[in-house]
Amino acid sequence: MSGILSSIAGAFRSPAPRQPRYIGADDAVAIDGWLMGGSDKGAFSIDQLMELAGLSVAQAVAQLYPLGPRLDKDANGVKRKRDNERVLVCCGPGNQGGDGLVAARHLFHMGYAPSVFYPKESKGEIFPRLKKQCENLGLPLIAPPSSGSSSFPMAADAQDVAFRRAMDNTDVILDCLFGFSFKPPARAPFITVLDEFKKTSKPILSVDIPSGWDVDSGNADGTGFTPDALLSLTAPKKGVRAFVESGGKHFLGGRFVPDAVANEFKLDLPEYPANGSQVVDITWRKEYRPASTSSRVAAWTSAVLPRTRAPPTASIPTSGGSSARIRLEDPLALLKDELGSLRHNITSLLGSKHPALDTIAKYYFQAEGKHVRPMVVLLMSQATNGLSPRWTDVELRERGREQDRREGKGRGVDEPLEQEDVLNDDNPSMMQRAKDLLSNPLSILSSSPSSSASSSSSTDSSLNLLPTQRRLAEITELIHVASLLHDDVIDLAETRRSAPSAPSLFGNKLSILAGDFLLARASLALSRLGSNEVVELVASVLANLVEGEVMQMKGNMPNRATPMSPRTASSSLAATDPSAVAAASLSGNGPTPAIFEHYMRKTYLKTASLIAKSARATTVLGGCGALQGWKEGERVKDAAYEYGRNLGMAFQLIDDMLDFTASAAELGKPGGGADLKLGLATAPALYAWDEFPELGELIERKFEREGDVERAKDLILRSSGATRTFDLAAAHSQAAIEALHRLPESDARDALEKIASDVLTRKK
Ligand SMILES: NC(=O)C1=CN([C@@H]2O[C@H](COP(=O)(O)OP(=O)(O)OC[C@H]3O[C@@H](n4cnc5c(N)ncnc54)[C@H](O)[C@@H]3O)[C@@H](O)[C@H]2O)[C@@H](O)CC1
Ligand SMILES: [K+]
């Protein structure tokens, strides 16, 4: 079997059980209603369901905290305690309390020594009977005296004292206080109980939802306790998602759920074990999306909202109850496989039937690039996916789209929206891809990264990225390369990435056309992402790139007709007025603030805009868009944008510095003041001008005279221009990191931080 086939087969043999859908409180109530509904529904009685639920609770205890071997009596003839023998079953006032009573009975018959804490008995005839069954077995019971029994005088806090003593003496605590009908905040007498849960170091197994957590939003404010393990009944509730996906021990019970209800509520249930067990261990595994990337609503809340009490990670529970997160040594390794697929996909996007266009369009993609822009998009996606309450819907919709595509039924991000003959877009690579998909839907597993999450070979880096986000990453690289093609024509560059530049190999005309072609393919791909907000953002990048290029061409051009007084010019006006340079240099002074602003604005337009807006756009795809109705989404989008903007500024400033301080060999393109030869005064030159006013004259005439470039270079190298440029870049790098810190902690955030700090130490 070929490698690809065996890896596909491997993916289908995978023993990792399926992850069920997270359901909201509304769905939980509806499912309960269905199960207990009349003849056309489930037709279960409440006793039956409680019996099954309670049995699954007891079985989960047996698996998680196995009973130690039976021991001989000690020298005094006293029975010795077995490991994990003592289980304190804490029962609440609703049906979940009934589950607890049933579980206590089963645990006793399994050999455990359970005690029952039942501070508020439920109404309904079933509960006294369940309680009586426990009393019949002689289980210690901490409960208010039943009404009608003799009122023997009791201390007011007798129940609390008994409960605390039981907590001290137990091995394991069972949290059967509240289930899906709980509405926070907890009322007495449960407040003190939940406080004790928070304080204890004993393992707590929570049933359905850790008591005190909101069923839908979980432990969002970080005030709840974190259990050692969770047993979800029927299907996990939305509120436990962060716990589950941070690797918390997670079992599922509910082997009685008929297919009809599972299908109706799209529960996506896993198989239960062949041995008849009522529970299945569905603890999150590496095969699923990584813990750090999904549904960190809790962490996000504590990261951005003023009522924050704990640092962001404190509310991301982990299996051991501790919140420590292991930092990856090289967080960028997260993207190793992704970038390989990116290059492959870009090549597919660029196919053309016209051989010359095909060759030149793909030319710059053959050389290894740094792929900074797509990397930022992919990592920002990971760092923010799951934050939006819309995330589940977005993810489900895209998963559905991919599924349809795999089945040859509908449109994925590759399929045209219009009829092919109307589009008249001859891309042989994409046609081949479409054919492959139809003839062998599984080929998607090997040819596209968008479903690599299910391929076993790339599990470590299979991220919870949406297909649209991957495509956006590819689009950013297409736009970037298009701008390189156009730049190399404008700058007359002879080399690029240590090889002949495209214009020097293919000529200016073809290079410009190839750049246009890339932009056209990027636009086509953009339209298929299905988000107008993203189209708007990325289309404005295209305009910015051209504006920046024009500013650069015109920016230093002297215009003696409209002299201005240096340093007094209104900065907003002068920022776009090229005459400012001429005026300043004529006066023999250094550059005005307006000249510097002009340079910074150009830098934003030419470099930072693409990184900033694509970082923002990917958060829109992940559910933070203006039309997705989540107000907090603006803050996520802004953090992503500010990160990208500052990273882009730092990146270009260092690029401009390296033009003076690095050799051409190190850069792989002309260096040693190449910008001066193009007549451009970048940050190091502007800072040097501040120290050596005579530089103004050379800048004004764009270093055109014999010896100008050498003289300018000499002055710049003698000045602190390079150092000040570096300092400015460092400030932007720091600002990027600060923007990032408004997002919750994650491996992806670490990787983005590394990119922002590595920018300062790069040599090319
Ligand atoms: N669908 C299923 O799979 C089954 C579910 N069962 C269990 O039933 C549970 C749901 O039962 P219920 O709907 O009775 O509800 P709960 O067991 O969640 O408890 C509701 C009770 O808690 C009280 N309560 C709510 N908020 C409170 C607060 N802030 N402070 C103090 N008391 C508060 C209510 O007054 C009510 O008495 C599930 O979570 C599950 O454990 C099983 O019994 C049967 C099978
Ligand atoms: K519970």
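The values are calculated or read from the model by the stated rules, or taken from the named source; none is laboratory data. As the structure is a prediction and not an experimental result, all values here were calculated from the model. Note: ideal-geometry Cβ built from the backbone for every residue, glycine included; neighbour counts use all protein chains shown. Ligands, DNA and RNA are excluded from the accessible area calculation, which covers all protein heavy atoms including side chains. Shrake-Rupley method; radii C 1.70, N 1.55, O 1.52, S 1.80 Å.
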Lone unmet requirement of (1) farther than 20 Å from Pro17 by Cα; (2) crowded, with 20+ Cβ neighbours inside 10 Å for Lys183: (2)
Testing Glu706 on (1) in contact with a helix residue (DSSP H, G or I) (Cβ under 9 Å, 6 or more places away or on another chain); (2) at pLDDT below 90; (3) not polar (S, T, N, Q), one condition comes back false. Which one is that? (1)
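Condition first: in contact with a His (Cβ under 7 Å, 6 or more places away or on another chain) and in a helix (DSSP H, G or I). Can you find one or more residues in the range 36-54 that meet it?
Yes, the conditions are met somewhere in the range 36-54.
Among the residues of the range 365-385, how many are open to solvent by 10 Å² or more (accessible area, probe 1.4 Å) and assigned to a helix (DSSP H, G or I)? Spell out how you get there, then give the answer.
Here is the first cut: in the range 365-385, the residues open to solvent by 10 Å² or more (accessible area, probe 1.4 Å) are 365-373, 375.
From what's left, assigned to a helix (DSSP H, G or I): 365-366, 372-373, 375.
Residues in the range 365-385 being open to solvent by 10 Å² or more (accessible area, probe 1.4 Å) and assigned to a helix (DSSP H, G or I): 5 in total.
For the range 193-223, which residues satisfy the criterion of being out of contact with any strand residue (DSSP E or B) (no Cβ under 8 Å at 6 or more places or on another chain), within 14 Å of ligand 1 (Cβ to nearest atom) and open to solvent by less than 40 Å² (accessible area, probe 1.4 Å)? Write out each step before concluding.
Of all residues in the range 193-223, those out of contact with any strand residue (DSSP E or B) (no Cβ under 8 Å at 6 or more places or on another chain) come to 194-196, 198-199, 201, 212-214, 217-219, 221-223.
Restricting the remaining residues to those that are within 14 Å of ligand 1 (Cβ to nearest atom) gives 194-195, 212-214, 223.
Residues satisfying the conditions are Leu194, Gly212, Trp213.
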Starting from the range 708-720, keep only residues that are over 18 Å from Leu658 (Cβ atoms), then list their pairs with residues that are of a type in the set (A, V, I, L, M) and open to solvent by 10 Å² or more (accessible area, probe 1.4 Å) whose Cβ atoms are within a distance under 9 Å, requiring at least 6 positions of separation or different chains. none
Kindly indicate which of Glu753, Glu745 is assigned to a loop (DSSP other than H, G, I, E, B) and not polar (S, T, N, Q). Glu745
Before we move on, is Ser540 under 23 Å from Val489 (Cα atoms), among the hydroxyl-bearing types (Ser, Thr, Tyr), modelled with pLDDT of 90 or more and surrounded by fewer than 17 Cβ atoms within 10 Å (Cβ to Cβ)? yes
Please identify the pairs in which a residue from the range 161-177 that is farther than 17 Å from Pro227 by Cα and touching a residue at least 60 places away in the same chain (Cβ under 8 Å) has its Cβ atom under 6 Å from the Cβ atom of a residue that is open to solvent by less than 10 Å² (accessible area, probe 1.4 Å) and within 16 Å of ligand 2 (Cβ to nearest atom), counting only partners at least 6 apart or on another chain. Ala166/Leu88
Leading residue by the ranking (farthest from Gly386 (Cα to Cα)) among those in the range 690-749 that are open to solvent by 20 Å² or more (accessible area, probe 1.4 Å) and among the basic types (Lys, Arg): Arg705
In the range 488-507, anything in contact (Cβ under 8 Å) with a residue 60 or more places away in the chain, farther than 20 Å from Val546 by Cβ and open to solvent by 60 Å² or more (accessible area, probe 1.4 Å) is listed as Glu494, Arg497, Ser498, Leu505, Phe506
Checking Tyr272 against (1) within 15 Å of ligand 1 (Cβ to nearest atom); (2) without any contact (Cβ under 8 Å) to a residue 24 or more places away in the chain; (3) under 29 Å from Ser746 (Cβ atoms), which test does it fail? (3)
Hey, can you tell me all the residues within the range 182-192 that are more than 6 Å from ligand 1 (Cβ to nearest atom) and not in a loop (DSSP other than H, G, I, E, B)? Ile191, Thr192
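Residues that are within 12 Å of ligand 1 (Cβ to nearest atom) and either assigned to a loop (DSSP other than H, G, I, E, B) or open to solvent by 50 Å² or more (accessible area, probe 1.4 Å) (or both): does the range 144-156 have at least one?
As a first pass, look at the range 144-156 and keep what is within 12 Å of ligand 1 (Cβ to nearest atom): none.
No; the residues of the range 144-156 include none that is within 12 Å of ligand 1 (Cβ to nearest atom) and either assigned to a loop (DSSP other than H, G, I, E, B) or open to solvent by 50 Å² or more (accessible area, probe 1.4 Å) (or both).
Okay, residues lined up against (1) modelled with pLDDT under 90; (2) crowded, with 19+ Cβ neighbours inside 10 Å; (3) in a helix (DSSP H, G or I); (4) more than 37 Å from the chain's Cα centre (by Cα):
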position	(1), (2), (3), (4)
Ala482	no, yes, yes, no
His486	no, yes, yes, no
Lys509	no, no, yes, yes
Gly515	no, yes, yes, no
Ala520	no, no, yes, no
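Can you tell me which residue in the range 90-110 is farthest from ligand 2 (Cβ to nearest atom), limited to those that are among the hydrophobic types (A, V, I, L, M, F, W, C) and surrounded by 23 or more Cβ atoms within 10 Å (Cβ to Cβ)? Step through it out loud before you land on a result.
Of the residues in the range 90-110, the ones among the hydrophobic types (A, V, I, L, M, F, W, C) are 90-91, 101-104, 107-108, 110.
Narrowing the set further to residues that are surrounded by 23 or more Cβ atoms within 10 Å (Cβ to Cβ) leaves 90-91, 101-104, 107.
Numbers: Cys90: 9, Cys91: 10, Leu101: 14, Val102: 14, Ala103: 12, Ala104: 15, Leu107: 17 Å.
Filtering the range 90-110 for residues that are among the hydrophobic types (A, V, I, L, M, F, W, C) and surrounded by 23 or more Cβ atoms within 10 Å (Cβ to Cβ), the one farthest from ligand 2 (Cβ to nearest atom) comes out as Leu107.
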How many residues does the range 677-707 hold that are without any contact (Cβ under 8 Å) to a residue 40 or more places away in the chain and of a type in the set (A, V, I, L, M, F, W, C)? 6
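Within the range 648-660, identify whether any single residue is modelled with pLDDT under 90, within 44 Å of the chain's Cα centre (by Cα) and not charged (D, E, K, R), and answer yes or no. Walk me through it before giving the result.
So the first thing to find is which residues in the range 648-660 are modelled with pLDDT under 90, and the list is 659-660.
From what's left, within 44 Å of the chain's Cα centre (by Cα): 659-660.
From what's left, not charged (D, E, K, R): 660.
Within the range 648-660, one or more residues are modelled with pLDDT under 90, within 44 Å of the chain's Cα centre (by Cα) and not charged (D, E, K, R).
Residues Lys79, Lys120: which one is out of contact with any Asp or Glu (no Cβ under 6 Å at 6 or more places or on another chain), open to solvent by 70 Å² or more (accessible area, probe 1.4 Å) and within 15 Å of ligand 2 (Cβ to nearest atom)?
Working: Lys79 fails: within 15 Å of ligand 2 (Cβ to nearest atom).
Every option except Lys120 fails the conditions.
Residues that are touching a His at 6+ places or on another chain (Cβ under 9 Å) and not assigned by TED's automatic domain parsing to the domain that holds Met380: list the helices (runs of 4 or more DSSP H) wholly contained in the range 627-729 that include at least 1 such residues.
Values: elements: 633-661, 664-667, 674-677, 683-691, 695-700, 708-718.
Those helices (runs of 4 or more DSSP H) span 633-661.
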Which members of the range 224-240 meet the condition of being away from ligand 1 (no atom under 16 Å from the Cβ) and surrounded by fewer than 23 Cβ atoms within 10 Å (Cβ to Cβ)? Asp228
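Would you confirm, using the coordinates I've provided, whether Gly179 is in a loop (DSSP other than H, G, I, E, B) and in contact with a strand residue (DSSP E or B) (Cβ under 8 Å, 6 or more places away or on another chain)? Full working, then the answer.
Details: in a loop (DSSP other than H, G, I, E, B): yes; in contact with a strand residue (DSSP E or B) (Cβ under 8 Å, 6 or more places away or on another chain): yes.
When the stated conditions are applied, Gly179 passes them.
Please find, among Glu264, Glu245, the residue that is in contact with a Phe, Trp or Tyr (Cβ under 7 Å, 6 or more places away or on another chain) and more than 15 Å from ligand 2 (Cβ to nearest atom).
Values: Glu264 fails: in contact with a Phe, Trp or Tyr (Cβ under 7 Å, 6 or more places away or on another chain).
Answer to the selection: Glu245.
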